[in-house]
Amino acid sequence: MNALEAVVQARELLADVTPLRADCGRACGGACCQSDEDGQGGMLLFPEEEALYDPLPPGFRLRRDDAVLPGMWLLTCDGICDRALRPLSCRIFPLTPVLITRDGEERLRVRVDPRAYAVCPLSEQGIRGMRKDFGKAVLEGARILCGCPEHREYLRALSRYFECLREW
Ligand code: SF4
Ligand code: SF4
């Protein structure tokens with residue numbers, strides 16, 4: 001399976017499952033879809049995911065972003081979208097897979113995305129406060145991604161990036 005096929009499969013796994021049974025966006029006003037105070041915001045795409053935005057659907061913009069790895073793509077939106085077009089980052093939020101090396105062994109884990117603490121009311125309760133099948137789908141999607149070297153490299157870089165953001 002190549003990197004694009006892997007990200008398509010992971011997206012499909014997370015097409016319908018959400019963090020809560022109810023619409024969690026009702027309580028927070030869809031905070032994760034709002035742009036920052038300076039009008040910035042966006043979701044980093046996983047390797048090769050940009051191919052799914054060519055041609056670019058209305059309301060989306062793409063630009064290069066080197067924050068995690070050189071040459072990656074950041075997708076920005078108008079705060080509303082067709083659910084079928086949501087990138088993988090939006091489907092797994094407020095969780096994230098990480099690849100952690102301990103005692104010389106690399107382990108795949110699912111954690112609350114450290115960037116979620118500033119915006120998402122679900123993050124304080126952690127994964128236990130979310131639907132079990134949501135956490136399972138995020139882990140299953142991450143396992144699929146880990147079958148591809150490009151995604152493993154990205155997840156390693158993302159994990160290092162998170163370590164720089166906060167101690168967790
Ligand atoms: S910020 Fe958290 S609670 Fe609000 S819509 Fe996004 S995932 Fe749901
Ligand atoms: S792509 Fe959709 S789900 Fe993701 S931040 Fe934009 S509006 Fe929200």
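Observations on the structure shown:
- Leading residue by the ranking (surrounded by the fewest Cβ atoms within 10 Å (Cβ to Cβ)) among those in the stretch 139-168 that are aliphatic (A, V, I, L, M) and touching a Lys or Arg at 6+ places or on another chain (Cβ under 8 Å): LEU165
- Residue in the stretch 1-37 that is surrounded by the fewest Cβ atoms within 10 Å (Cβ to Cβ), counting only those that are touching a Phe, Trp or Tyr at 6+ places or on another chain (Cβ under 6 Å) and in a loop (DSSP other than H, G, I, E, B): VAL17
- Residue check, GLU50 in a helix (DSSP H, G or I) and open to solvent by 90 Å² or more (accessible area, probe 1.4 Å): no
- LEU56 in a loop (DSSP other than H, G, I, E, B), of a type outside the set (Lys, Arg), away from ligand 1 (no atom under 16 Å from the Cβ) and touching a Leu at 6+ places or on another chain (Cβ under 8 Å): yes
- Scanning the stretch 79-116 for residues that are open to solvent by 20 Å² or more (accessible area, probe 1.4 Å), within 16 Å of ligand 1 (Cβ to nearest atom) and out of contact with any strand residue (DSSP E or B) (no Cβ under 7 Å at 6 or more places or on another chain) yields GLY79, ILE80, CYS81, ARG83, ARG86, PHE93, ARG115.
The values are calculated or read from the model by the stated rules, or taken from the named source; none is laboratory data. Since the model is a prediction, treat every value here as computed from it, not as a measurement. Cβ sites come from the backbone with ideal geometry, for glycine too, and all protein chains shown count toward neighbours. Quick note on the areas: whole protein, heavy atoms, side chains included, nothing else; ligands and nucleic acids left out. Shrake-Rupley method; radii C 1.70, N 1.55, O 1.52, S 1.80 Å.
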